[in-house]
Amino acid sequence: MSRTIEIELFASISAGKPLGGSIAVATDGTHDSDGAVRLGVELARRDGVAVALLSVVEPLPFADYEGSTAVDTERLTRLTIEEREGELAAQRARTFPTDRPWPHAIHVGNRVDEIVKHAEHHNASLIVLGIGSHGVFARLLHRETALRVIRTAAIPVLAVPSCASEVPRRAVVAIDFTPASEDAARAALDVLGGRGTLYFAHARPRIVIPQGDSRAWGEPADVLGRLEAMARRLDIPDGVTVEFVSLHGEPADELVAFAEQQHADMIATGAHGRSAIGRLVLGSVSTKVVRSAPCAVLVAPARPAAAEERPVAYEPAAQPIG
């Protein structure tokens, strides 16, 4: 039989004083999270806010084996904390070698819960964490951790590849004309910081007709006009160039392929509400983008189900007659 023990953390690794309006950066000290640290610090510097850096050590299970005690398990947990301190020091040397203080917190607990609580404690406006590498093990570790944080957090989450070193300048936003996609566009503008290129991409799935052609499903009457109407609602800064794109095919695949084609630094999507439709869309688009994108992925949090299900009209501007 095993159970999880709770230990009292050292004062030096406690949550600390709240850092209002900060950017929460989660790291495990490995190379996979280097990009998140670099990008999180750069965003904080640009916006003049603090960085709330956190690393989480999962509690070690206590097994009632002969000769084993809770004290032994606590000692091992503390050794794990010390090892993590060393890994964070090495990460600092790789990412931002400086003599200036690099305050951080180390928590013992559930990784996802601690990241979300840490962001809430510091009133963070954004959570930044590593997205990891491709492959089965990365999917089980980093990418699934990112997805779980995305599904839990009430603020935007930016999942970053290890190679990232600069603030994104080219972003693709998945637009399906719901409030969630508008939230994603606003979050992307915040990350761009007033300059760069923003692609509003509407992807229409196809259906396969036996012994016939594949045709676009749910073809809207005026995609371009509706995209332009959404852009006007967002009050795009002068330093941001907006381009409108209509894609045909499986939405997640098309978004990732287009982002690669344009050498985009980031794909932004919206998490949908808790309705049945919302769960299906999140599973088929946002989740697949996080699992397959080679660039950073920004996901805006889900709105309450009632707000998410209300239709939002993005009507094109009236054209003059004659």
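FYI, it's all coordinate maths here, none of it is from the lab. Because the structure is a prediction, the values reported are computed rather than measured. Note: ideal-geometry Cβ built from the backbone for every residue, glycine included; neighbour counts use all protein chains shown.
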* In what sequence do ARG111, ARG232 fall when counting other Cβ within 10 Å, fewest first? -> ARG232, ARG111
* Would you order THR73, THR27 from fewest to most other beta-carbon atoms within 10 Å of each residue's own beta-carbon? => THR73, THR27
* **Packing-based ranking, highest mean first, of 34-44, 287-297 given that Cβ atoms within 10 Å are counted** => 34-44, 287-297
* Which FRET efficiency value, to the nearest 0.05, is calculated for LEU224 and GLU85 with the Förster distance at 56 angstrom and r the Cβ-Cβ distance? -> 0.55
* Asked: Exposure proxy check: PHE244, PHE96 ranked by fewest other beta carbons within 10 Å?
  -> PHE96, PHE244
* For peptides 184-191, 234-241, 86-93, sequence by mean Cβ density within 10 Å, most packed first -> 184-191, 86-93, 234-241
